[in-house]
Structure formats: structure tokens, C-alpha cells
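In what follows, a single structure is set out as C-alpha cells and then discussed.
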Amino acid sequence: MIVLGIETSCDETAVALVRDGREILVNLVYSQTDLHARYGGVVPEAASRDHLRKLPALAAEALEKAKLSWNDVDLVGVTYGPGLIGPLLVGVSYAAGVALACDRPMVGVNHLAAHLFALKLMEPPVEPPFLGLIASGGHTLLVAVPRWGEYQVVGGTRDDAAGEALDKFGRLVGLPYPAGPKIDALAQEGDPTKIPFPRPMLESGLDMSFAGLKTAALYWLREHRDAPLPDLCASFLEAVVEVLVEKALRAARRFQLKRIVVAGGVAANRRLREFFPKRAAERGMEVFFPPAELCTDNAATVAACAHHRYTVLGRSDPLSLVPDANLPLHGWQ
Ligand code: KG4
Ligand code: ZN
């Protein structure tokens with residue numbers, strides 16, 4: 001079964017073709033970051049227009065690269081939330097158009113669930129039960145996953161997402177949006193112990209808060225204008241990483257899960273990928289990270305998630321499917 005995956009929930013236009021929910025034939029991602037860079041964040045209306053401009057061409061390119069035609073597509077999977085409503089509408093409308101024209105079923109996918117399906121695309125696949133840490137620009141949550149398709153959110157941020165905190169900190173120190181990958185690179189040259197940034201809410205519960213950390217950085221920067229950028233980045237990143245790791249380990253222990261999987265854009269971070277497995281091993285747990293290109297927004301994970309929903313859960317959606325900007329990750333999805 002060939003699934004066409006479509007992802008437009010934020011500022012990446014992405015199209016993928018995946019065979020039988022596992023084999024990636026093509027996974028194209030067109031990032032709008034250059035478009036939004038000068039504003040320091042994503043401008044929703046500009047994002048919608050750019051998705052509309054780019055999506056049809058990207059789908060045609062995907063088919064060409066995979067040497068397939070529209071007739072070969074058996075199922076259309078599309079992100080219908082959470083995300084920016086305009087961009088989601090572009091993706092869902094386009095997917096419905098393809099499904100109608102090709103007379104194929106369409107499946108709407110939760111963007112957060114799709115992030116977790118990156119683990120199913122690994123070789124060998126990482127299967128539930130596991131504790132998922134989803135850390136992206138828009139979301140940071142801990143989710144217990146007893147089996148594919150079933151999700152119980154057990155904790156998460158009360159304010160900013162981890163990626164959002166990195167991006168906002170980056171703005172404070174003059175890095176262009178999105179700052180996460182640049183902080184990742186700069187931190188490699190810096191000393192993570194140099195600046196004692198706080199670890200908000202580290203000692204209790206499964207919830208997190210990153211807004212205070214950003215404020216602490218703002219005050220620290222006012223007092224220390226000449227701090228070296230690599231040390232600043234390494235120290236700030238260390239605070240974010242330590243909170244994510246501690247909370248995920250605590251959640252895994254509380255729900256008696258021995259495996260932890262990390263997904264979402266922040267999962268591409270090198271410091272997190274290095275630090276987390278060591279900490280987990282000390283507590284007798286295992287951590288899995290998808291390859292970086294499956295951590296950030298892409299449509300192969302959407303196709304894999306859609307394939308599971310259709311073939312295992314027997315789900316498909318009417319072409320009138322309405323996107324939901326605040327779609328929660330809860331129960332069977
Ligand atoms: O999952 P994603 O691609 O889009 C959303 O659903 O939000 O995540 C984007 C976020 C941004 O905040 C970006 O700065 C962050 O992930 N990010 C990183 C890295 N790559 C992307 N953060 C730290 N290190 C990275 N290598
Ligand atoms: Zn995402």
C-alpha cells in the first residue's frame with residue numbers, strides 16, 4: 001500500500017510517499033524559514049500562502065522522484081492538527097482534493113502522534129509500550145503509549161515549549177529564527193557549567209516550565225553583556241536538556257515503562273542525544289532517538305501514522321474533515 005503523506009501544520013511544506021507504513025520511498029521537506037526569518041517567528045498568513053504556492057509542485061516532485069503516478073497512491077494521509085489553522089487548511093484541502101480526484105480514502109492525522117511514528121520508521125522499529133517525550137517548537141509533552149494509536153498525556157510544559165524557549169533565547173542573544181539548530185552548534189564549543197541558569201520545577205511532578213528560564217536568561221544578560229556566546233548557548237541548552245531528561249525519566253519510572261522515545265524537532269539536538277542515554281542507563285532505562293531528519297517536521301511520519309490508522313484502527317475521514325488548531329493528543333488516535 002502506497003501512502004501519500006502531507007504535512008503543513010507550521011512552516012514546513014512536506015510530502016512523502018511511504019510503502020506499507022514502513023518503507024520511505026521519498027520524503028521531501030521544503031522549509032519556509034527564510035521567509036519568516038526577518039520577522040523572528042512564523043507569520044501565519046505568509047505561511048499559508050507559501051504552502052499553497054509550494055504544495056502542488058512538491059507533490060508532483062515526490063511522485064516523479066519515486067517513479068510513481070497518482071494512480072499508484074492508495075491512501076492519502078494529512079496532518080489536521082494541532083498547528084496553525086491557515087496552514088492546516090491548505091494541507092487538508094489539498095489532501096481532500098487528491099483523495100476526491102483519485103477516488104482514494106483520506107485519513108487525518110494528529111501532528112503529535114505523527115512525531116512518535118518516526119520510531120516506527122526506524123530499522124528495526126521501536127515499538128510500544130514506551131514513554132514518549134515530544135519536544136518541538138510548539139509542544140512539549142510526556143505521553144505514555146501502551147500500543148500504537150493509544151496515548152495518555154502524563155505531563156508537559158505549562159507555558160513555553162522547549163523549542164520555543166530555545167528560539168526565544170536565541171532571539172535574546174541575536175541568533176536568527178529558528179535558533180535551536182544554531183544553539184546546538186554553538187553549544188558544542190561552549191562550557192555548559194559556565195552560567196548557573198535555573199532548572200525550573202526540576203524536583204517535583206511531571207510538569208515543566210520554560211518561560212521562567214527565558215526570563216532568568218534575560219536578567220543574566222543585562223548584568224553580563226560580554227559573556228561568550230558559546231558558553232551562553234551551552235549553559236542555556238544544558239538547563240533545558242536537564243529538565244527534559246529528568247521529567248521523562250521520572251514519568252517512565254512512575255508508569256513503569258523501561259523505554260523512552262524522543263520525538264519532535266528538539267530531539268535532533270546533539271547534547272540531548274548524548275546526555276539522555278547516559279542518564280537513562282544509570283536508571284536501567286533505554287532511550288531511542290529517530291534520525292534527525294525524522295525528528296523535525298516531515299510527512300513520512302504522517303504517512304506512517306495514517307497507514308496505521310487506516311489498516312489497524314480501520315479509520316478514515318470524510319473529505320469534509322475540518323482541521324483543529326488545538327487538537328489534543330488523547331485516547332485512540
Ligand atoms: O517538530 P518541529 O520541526 O516543528 C514543530 O512542530 O514545532 O520543531 C521545531 C523546533 C524549533 O523550535 C527548533 O528550534 C527546534 O525544534 N530544533 C532544535 C534543533 N533542530 C530543531 N532544537 C535544538 N537542537 C536542534 N538541533
Ligand atoms: Zn512538529
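The values are calculated or read from the model by the stated rules, or taken from the named source; none is laboratory data. Here the structure is a predicted model, which is why all the values come from computation and not from measurement. No Cβ is skipped: glycine too gets one built from the backbone with ideal geometry, and neighbour counts run over all protein chains shown. Note: accessible area is taken over every heavy atom of the protein model, side chains too, but ligands, DNA and RNA are not part of it. Shrake-Rupley method; radii C 1.70, N 1.55, O 1.52, S 1.80 Å.
Some points to look at:
- Look at region 244-259: where a residue is at pLDDT 95 or above and a partner is open to solvent by 10 Å² or more (accessible area, probe 1.4 Å) and in a helix (DSSP H, G or I), sitting 6+ places away or on another chain with Cβ atoms under 7 Å, you get VAL245/PHE275; VAL245/ARG279; LEU249/ARG279.
- Test: residue in region 178-191 that is over 21 Å from ALA267 (Cβ atoms) and among the hydrophobic types (A, V, I, L, M, F, W, C): no
- Checking each residue in region 281-333 for being at positive phi and without any contact (Cβ under 8 Å) to a residue 60 or more places away in the chain picks out GLY284, GLY314.
- Only one entry in PRO129, PRO192, PRO178 is surrounded by fewer than 21 Cβ atoms within 10 Å (Cβ to Cβ) and either under 17 Å from the mean Cα position of the chain (by Cα) or away from ligand 1 (no atom under 16 Å from the Cβ) (or both), namely PRO129.
- The lone exception for PRO129 - which of (1) farther than 22 Å from ASP207 by Cα; (2) more than 16 Å from ligand 2 (Cβ to nearest atom) it fails: (1)
- Inclusion of VAL107 among residues that are under 17 Å from the mean Cα position of the chain (by Cα) and either crowded, with 24+ Cβ neighbours inside 10 Å or under 25 Å from ALA325 (Cα atoms) (or both) is not warranted.
- Filtered residue count, region 91-104, keeping only those that are open to solvent by 20 Å² or more (accessible area, probe 1.4 Å) and closer than 23 Å to GLU293 by Cβ: 1
- Residue count for region 25-78, restricted to those that are out of contact with any helix residue (DSSP H, G or I) (no Cβ under 8 Å at 6 or more places or on another chain), at positive phi and open to solvent by less than 60 Å² (accessible area, probe 1.4 Å): 0
- Taking region 212-304 and the helices (runs of 4 or more DSSP H) fully enclosed by it, the elements with 1 or more residues that are touching a Lys or Arg at 6+ places or on another chain (Cβ under 9 Å) and open to solvent by 20 Å² or more (accessible area, probe 1.4 Å) are at 229-254, 292-295.
- Condition met for ALA118 (touching a Pro at 6+ places or on another chain (Cβ under 9 Å), assigned to a helix (DSSP H, G or I), at negative phi and open to solvent by less than 40 Å² (accessible area, probe 1.4 Å)): yes
- Hits in region 1-24 (condition: within 16 Å of ligand 2 (Cβ to nearest atom), open to solvent by 10 Å² or more (accessible area, probe 1.4 Å) and part of a strand (DSSP E or B)): GLU12
- When each of LEU186, LEU141 is tested for being within 14 Å of ligand 1 (Cβ to nearest atom), in a strand (DSSP E or B) and open to solvent by 10 Å² or more (accessible area, probe 1.4 Å), the lone residue that passes is LEU141.
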